[in-house]
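S.K.: My structure is below; once you've seen it, I'll send some questions.
Just so you know, all these numbers are worked out from the coordinates, no wet-lab data involved. Source: prediction; values computed, not measured. Because the Cβ atoms are built from the backbone with ideal geometry, glycine has one as well, and the counts that use them run over all protein chains shown.
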Amino acid sequence: MAKNHRGKGIRTLPNHGRGECPGCHRTGVKLTHELKVGEKTLKVCKICKKVNPSSLAA
Ligand SMILES: [Zn+2]
């Protein structure tokens, strides 16, 4: 199969899954990664998920 469906999953999300990341406060990033902080689950960008997951703990 050709690469015709890449990224289709986030099209159904509000604003195509983009917004301000609660971790790094950049805007226009794709908030596709869920990060559990205590009992809550935040949507963060891939950078906050991979590089600095502990920055949201406070
Ligand atoms: Zn971020």
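S.K.: Taking amide H positions as placed in the peptide plane 1.01 Å from N, state which residues far from VAL29 in sequence (5 or more) or on other chains have amide H under 5 Å from it.
M.R.: It is GLY19, CYS21, by chain and number.
S.K.: Quickly estimate the mean residue ellipticity at 222 nm for the chain, helices only: each DSSP H run with n ≥ 4 gives -39500 (n - 2.57), and the total goes over all residues, rounded to 500. Walk me through the numbers on the way to the answer.
M.R.: On the way: 1 runs with 5 residues, N = 58.
Mean residue ellipticity at 222 nm (helix-derived): -1500 deg cm²/dmol.
S.K.: Would you order ARG26, ARG18 from fewest to most other beta-carbon atoms within 10 Å of each residue's own beta-carbon? Walk me through the numbers on the way to the answer.
M.R.: Working: ARG26 12, ARG18 16.
Least crowded to most crowded, the residues run ARG26, ARG18.
S.K.: Taking the Cα centre of segment 8-56 as the origin and placing charges on Cβ (Lys, Arg +1; Asp, Glu -1), which of GLY17, GLY38, CYS48 is farthest toward the positive end of the dipole?
M.R.: GLY17
S.K.: Now for a different question. Fewest to most neighbouring Cβ within 10 Å: what's the order for HIS33, HIS16?
M.R.: Values: HIS33 17, HIS16 11.
The most exposed by this proxy come first: HIS16, HIS33.
S.K.: Using the Karplus curve 6.51 cos²θ - 1.76 cosθ + 1.60 with θ = phi - 60°, work out ³J(HN,Hα) for each residue of segment 37-48 in order, rounded to whole Hz, and write x for Gly and Pro.
M.R.: 10, x, 9, 9, 10, 9, 9, 10, 7, 5, 5, 5
S.K.: Within segment 8-56, how many lysine pairs that are 8 or more places apart, or on different chains, have C-alpha atoms less than 20 Å apart?
M.R.: 13
S.K.: Round to the nearest 0.05 the FRET efficiency obtained for THR41 and LYS3 when R0 = 25 Å and r is the Cβ-Cβ distance. Mind dumping the intermediate values first?
M.R.: On the way: r = 30 Å, r/R0 = 1.19.
Approximately 0.25, to the nearest 0.05.
S.K.: Convert 4 °C to kelvin, take the viscosity as 1.567 mPa s, use the Kirkwood radius over C-alpha pairs of the chain as Rh, and evaluate the Stokes-Einstein diffusion coefficient in µm²/s, rounded to a whole number. Could you put the intermediate results ahead of the total?
M.R.: Values: Rh = 12.2 Å.
For these conditions, the coefficient is 106 µm²/s.
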